[in-house]
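Chemist: Once you've had a glance at the structure underneath, I'll fire off some questions.
Read the figures in this text as sums done on the coordinates, not as results from a lab. Treat the numbers as computed from the prediction; the structure is a model and nothing was measured. With ideal geometry, Cβ positions are generated from the backbone for all residues, glycine too; neighbour counts draw on all protein chains shown.
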Amino acid sequence: MTVRTRIAPSPTGFLHLGTARTALYSWAYARHHGGKFVLRIEDTDVARSTQASVEQILASMHWLGLDYDEGPIYQMQRLERYREVVEQMLAAGTAYRCYCTPTELDEMKEAQRARGEKALYDGRWRPAPGKVLPPVPEGVAPVIRFCNPPEGDVTWDDLVKGPITINNREIDDLIIVRTDGVPTYNFAVVVDDWDMGMTHVFRGDEHINNTPWQINIFRALGAPLPQYGHVPVILGEDGQKLSKRRGAVSVTAYDEGGYLPEAMLNYLARLGWSHGDDELFSSEQMVGWFDGSHLSKSPAQWDAAKLAWVNAQYIKAKPDAELAPLVATQLAKRGITADERLPAICALFKDRCETTVALADWAAAFYADVKASEADRTQHVGDGIRPAIAALADKLATVTWDKASIAAAIKEVLGAQGIKMPALAMPVRVLVMGTPQTPSLDAVLALFSREEILKRLQEA
Ligand code: GLU
């Protein structure tokens, strides 16, 4: 058996962090087993699906490096196939037309609630031997409903949660095709998972209640069941479910925010799955380890500080030549064009940065004027130190322009003026970089041109 997994986002918004994580698990599982990973776009909610969302989903998958072997497959391009299956089901008696109007359905539910019962479709259009169906009303477009087994349990051994049982009395004859002929999620998903030969389905546990219906439809079609793994939700830092209104941001927002895709994957992987105590690992390592075990049964909590820490580790480890283009992109957004100094700037500052945005903040000082705060100027650039700054500028005007010669010049000025390093380094940093906290001064100065340093020192 070839393992086949998929991710099936609905293009009704950006790719959620939860969906990205499920995509990662599905991808890693397929890769681990040498199987196939499929991307399917579930766009049957025509009113809410947008092309912009599709593009954002594709961009997010690409950014994360979650490559798929098949797809994107669009459900709206498969309507013919759904129609064909529905016809077969109508002919086989596993589906039927229901002519209830919305008002009738409301009244039905109202009455059930009044009796303290669960609101479920009462099966009034469901054919049965000897049953006389109501007369077909004029001008009412029917929906098509699935003949759900009225009794018995649906049980599956969930890859994440273990055995789950739901009784058929808890669920009703769901609508599989709307009045406009478009199939509903629970039906299209089954036809697709069947046609696309899905062997394993990882998805968010908000779908657990849909799974018994889907299993029943699979059985009605005589199709082989995939194995399901329902991954718990991601909670926000406030302990509430991440949602659009509560802190959930798109995957692409992390790209913009200066996170590296490999750090994001690492963080998402650990959010609900573990391999011993390993915190930092590559996606290749994950693929080697990810066999579907060690997925957490309980919700994971988003931890922005942890993600920032993971990102910082990846930034530190990333070769400067690879980091520089990412920082250049961040600088370009500020209208700054970087140059060949950028890899060296990255090398000098990356240890103190959690994101490429923070790295761009530092790098910007090399390409645009800086403005120190009044407080820093007052504290560090006082009258007493001006002669030393002027002496340093004099020295720097003629030294060979490299780090070692600049270091020697600074030392000489310190000796001649009888002052200690911080007394000179702090004001020079404030003038050159706009802040008193920077890496070693000689290294910073060497990354500027001599002219620029002399110009900035004149601001004393
Ligand atoms: N379109 C569904 C969603 O985005 C997919 C669920 C599934 O994987 O079956 O939640």
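Chemist: To make sure I understand, if each residue's beta carbon is the centre and we count other beta carbons within 10 Å, what order do Leu221, Leu242 fall in, fewest to most?
Modeler: Neighbour counts put them in this order, fewest first: Leu221, Leu242.
Chemist: Scan around Tyr74 for amide H atoms under 5 Å from its own, H built in the peptide plane at 1.01 Å from N, and keep only partners 5 or more places away or cross-chain.
Modeler: Sorted by chain and number, the residues that satisfy this are Ile41.
Chemist: Using θ = phi - 60° and the Karplus form 6.51 cos²θ - 1.76 cosθ + 1.60, what ³J(HN,Hα) does each residue of region 30-47 get, whole Hz, x for Gly and Pro?
Modeler: Result, rounded to whole Hz: 4, 5, 4, 9, x, x, 10, 10, 10, 10, 10, 9, 8, 10, 7, 7, 4, 5.
Chemist: Here is a further query. For region 384-429, take the convex hull of the Cα atoms, compute a quarter of its surface area, and give me that in nm², please.
Modeler: Convex hull of Cα atoms, orientation-averaged projection: 2.9 nm².
Chemist: With unit charges on the beta carbons (Lys and Arg positive, Asp and Glu negative) and the dipole taken about the Cα centre of the chain, which residue among Leu225, Gly197, Ala390 sits farthest to the positive side?
Modeler: Ala390
Chemist: What value, in deg cm²/dmol to 500, does the helix sum -39500 (n - 2.57) over DSSP H runs of n ≥ 4 give at 222 nm once divided by the residues of the chain?
Modeler: -14000 deg cm²/dmol
Chemist: Something else now. Which aspartates and glutamates, on any chain, are close to Lys36 with Cα under 18 Å apart, when same-chain ones fewer than 8 places away are left out?
Modeler: Answer for Lys36, where 18 Å is the Cα cut-off: Asp67, Asp69, Glu70, Asp192, Asp193, Asp195, Glu284, Asp291, listed by chain and number.
Chemist: Using the number of other C-beta atoms within 10 angstrom as an exposure proxy, rank Thr355, Thr179, Thr165 with the fewest first.
Modeler: Thr165, Thr179, Thr355
Chemist: Considering only DSSP beta bridges whose two residues both sit in region 201-342, what percent are antiparallel, to the nearest 5?
Modeler: So the antiparallel bridges amount to about 30 percent of the total.
Chemist: Given H placed 1.01 Å from N in the peptide plane, which residues other than close sequence neighbours of Gln227 have an amide H under 5 Å from its amide H?
Modeler: His200, Val201
Chemist: Let me ask another. May I ask you to derive the relative contact order of the chain, considering only C-alpha pairs under 8 Å and at least 6 residues apart, and to give it as an integer percent?
Modeler: Normalised by residue count, the contact order of the chain is 13 percent.
Chemist: Rounded if a/c is under 1.5, else prolate if a/b is larger than b/c, else oblate: which is region 151-275, with a ≥ b ≥ c the root eigenvalues of its Cα gyration tensor?
Modeler: It comes out prolate by the Cα gyration axes.
Chemist: To the nearest 10 degrees, how steep is helix 79-92 against the longest Cα principal axis of the chain, on a 0 to 90 scale?
Modeler: 30
Chemist: Follow-up. How far is helix 403-417 tilted off the main Cα axis of the chain, in degrees rounded to 10, range 0 to 90?
Modeler: Roughly 50 degrees, rounded to the nearest 10.
Chemist: If amide hydrogens are placed 1.01 Å from N in the peptide plane, which non-local residues have theirs closer than 5 Å to the one on Val140?
Modeler: none
Chemist: Using the scaling law 2.2 N^0.38 Å as the reference, what is the normalised Cα Rg of region 6-103?
Modeler: 1.33
Chemist: In debye, nearest 20: dipole of the chain around its Cα centre with unit charges on the Cβ of K, R (+) and D, E (-)?
Modeler: My answer is approximately 460 debye.
Chemist: How big is the antiparallel share of DSSP beta bridges in the chain, given as a percent to the nearest 5?
Modeler: Restricted to the chain, the bridges split so that about 50 percent are antiparallel.
Chemist: Spelling out what I want: for every residue of region 209-219, take phi, set θ = phi - 60°, compute 6.51 cos²θ - 1.76 cosθ + 1.60 (Karplus), and round to whole Hz; glycine and proline get x.
Modeler: After applying 6.51 cos²θ - 1.76 cosθ + 1.60, I find 5, 7, 4, x, 4, 4, 5, 4, 5, 3, 5 Hz.
Chemist: With a Förster radius of 25 Å, plug the Cβ-Cβ distance of Glu256 and Ala52 into 1/(1 + (r/R0)^6) and report the FRET value to the nearest 0.05.
Modeler: Efficiency, from the Cβ-Cβ distance: 0.95.
Chemist: Identify the trypsin sites (Lys or Arg not before Pro) of region 189-272 meeting these criteria: DSSP loop state and at most 16 other C-beta atoms within 10 Å of the C-beta.
Modeler: Counting only loop positions with at most 16 other Cβ atoms within 10 Å, the trypsin sites (Lys or Arg not before Pro) in region 189-272 are Lys244, Arg245.
Chemist: Please name which of Met286, Gly258, Leu242 has its Cα lying farthest along the dipole of region 242-319 towards the positive end, using unit charges on Cβ (Lys, Arg +1; Asp, Glu -1) and the Cα centre as origin.
Modeler: Leu242
Chemist: Follow-up question, since we're still on this one. Run the dipole for region 249-316 about the Cα centre, Lys and Arg Cβ at +1, Asp and Glu Cβ at -1, nothing else charged, and hand back the magnitude in debye, nearest 20.
Modeler: Its charge dipole is roughly 180 debye.
Chemist: Over the Cα atoms, compute the radius of gyration (one decimal) and Dmax (the largest Cα-Cα distance, rounded to a whole number) for the chain, in Å.
Modeler: When restricted to the Cα atoms of the chain, Rg and Dmax are 31.3, 111 Å.
Chemist: A further question follows. Going through the cross-link list Lys241/Lys297; Lys371/Lys411; Lys306/Lys350, which pairs have a Cα-Cα distance over 21 Å in this structure?
Modeler: Lys371/Lys411, as the Cα separations exceed 21 Å there.
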